[in-house]
1. So, with a 1.4 angstrom probe, what is the percent of accessible area on the chain that is carbon and sulfur?
2. Modelling each spin label as a point 7 Å along the Cα-to-Cβ direction, I'd like the Arg33/Leu251 distance in nm, to one decimal.
3. Would you mind putting 102-111, 38-47 in packing order, based on average other-beta-carbon counts within 10 Å, highest first?
4. Testing the spin-label approximation: label points 7 Å from Cα along Cα→Cβ at Asn128 and Glu64. State their distance in nm.
5. With each label point set 7 Å from Cα along the Cα-Cβ vector, what nm distance links Asn166 and Asn214?
6. Between Ser269 and Asn94, what FRET efficiency follows from the Cβ-Cβ distance if R0 is 22 Å, with the result rounded to 0.05?
7. Give a residue-ordered list of calculated ³J(HN,Hα) values for the range 216-233 (Karplus: 6.51 cos²θ - 1.76 cosθ + 1.60, θ = phi - 60°; whole Hz; x for Gly, Pro).
8. With a Förster radius of 51 Å, plug the Cβ-Cβ distance of Asp234 and Lys197 into 1/(1 + (r/R0)^6) and report the FRET value to the nearest 0.05.
Amino acid sequence: MSYLSSNQLKQYEDEGFVSPINIFSDAKTKKIRNEIELIESRIPDELEKSGRYNAHLISPLLDEVTHNSKILDAVESLIGKNILVCGTTLFIKNPNEKGFVSYHQDAKYIGLEPHNWVTAWVAITDSNEKNGCMRMWSGSHKDNLKEHDQKFNEGNLLTRGQTVKNVPKEKTTPLILNAGQMSLHHPTVVHGSDLNKSNDRRIGFVIQSYIGTNVKQILGKNSVQLARGVDEFDFHEKIGRPKSLLNENDLKIKKRENHNLQDIFYKGSSKKGSY
Ligand SMILES: O=C(O)CCC(=O)C(=O)O
């Protein structure tokens, strides 16, 4: 059992995140990395740009991660026992590429209301200050949604380059994770990450997000999978789980889901970015 302890719950309540949490062994984490890299080698652009979303729909192993009981126990401690998987994102930063994530709040453009949801960031490689781990503005989740500039700037791994102004970067907390550990963060905590200055990739497989069954999608349409409990609200269409790697039909479903997601992320925007 890995329900959160009272100290961990307090950290989440006070700071807007809880980290680190041990989930996978080294061997299992290597297997997951190999699966991601196998997909990249079989279909080179499948996980690029907007393809980085919802890889759990085409890989049984990534699907298994999203339904992992240790992760779900921790998530249950925060959002209750009825849990839906509402999408995943691969945040990959390759060495020598200029990828960074501007400081933002996840809840700003994602359309999930109320905020009974949480994002699980699973480290598939080590994630540290050298390779551009996430950095959190502790306590910022207690304020409402903040104004974001839409920069659409080069290298920014966010859709609109959405950026909160005046973040005290020197005061932000780096979430240092070993491969196989995860962090959980709140929908309104302000966070971002710097460039990868190491010689290896930095890979985060991010369940973005686990939502309570009472959460609606107010900007468009998300399909979900039941991860735990019962869905007494039935707000979202249910989607199947992959039985084999890169199945033709699953690839089509992923494409359709990512198309719907683009409609959500760019709702009301006159411009589109590359994610
Ligand atoms: O992986 C990163 O550096 C940022 C990820 C992020 O913003 C998120 O998971 O909400």
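The values are calculated or read from the model by the stated rules, or taken from the named source; none is laboratory data. This structure is a prediction, so every number in the text was calculated from the model and none was measured. Don't worry about glycine lacking a Cβ; one is built from the backbone with ideal geometry, like all the others, and counts go over all protein chains shown. To get the accessible areas, we keep the full protein, side chains included, count just its heavy atoms, and leave off ligands, DNA and RNA. Shrake-Rupley method; radii C 1.70, N 1.55, O 1.52, S 1.80 Å.
1. Details: 5790 of 12240 Å².
With neighbouring chains kept in place, the figure for the chain is 47 percent.
2. Between Arg33 and Leu251, the label points sit 2.7 nm apart.
3. Working: 102-111: 21.7, 38-47: 13.2.
For the peptides 102-111, 38-47, the packing ranking is 102-111, 38-47.
4. Placing both labels 7 Å beyond Cα along the Cβ direction yields 2.8 nm.
5. About 3.3 nm separates the two model spin labels.
6. Numbers: r = 27 Å, r/R0 = 1.22.
Given R0 = 22 Å and the Cβ-Cβ separation, E is 0.25.
7. Using θ = phi - 60°, the values come out as 9, 9, 9, 10, x, 10, 10, 9, 9, 10, 6, 9, 6, x, 10, 9, 7, 9 Hz.
8. Details: r = 47 Å, r/R0 = 0.91.
Working from the Cβ atoms, E equals 0.65.
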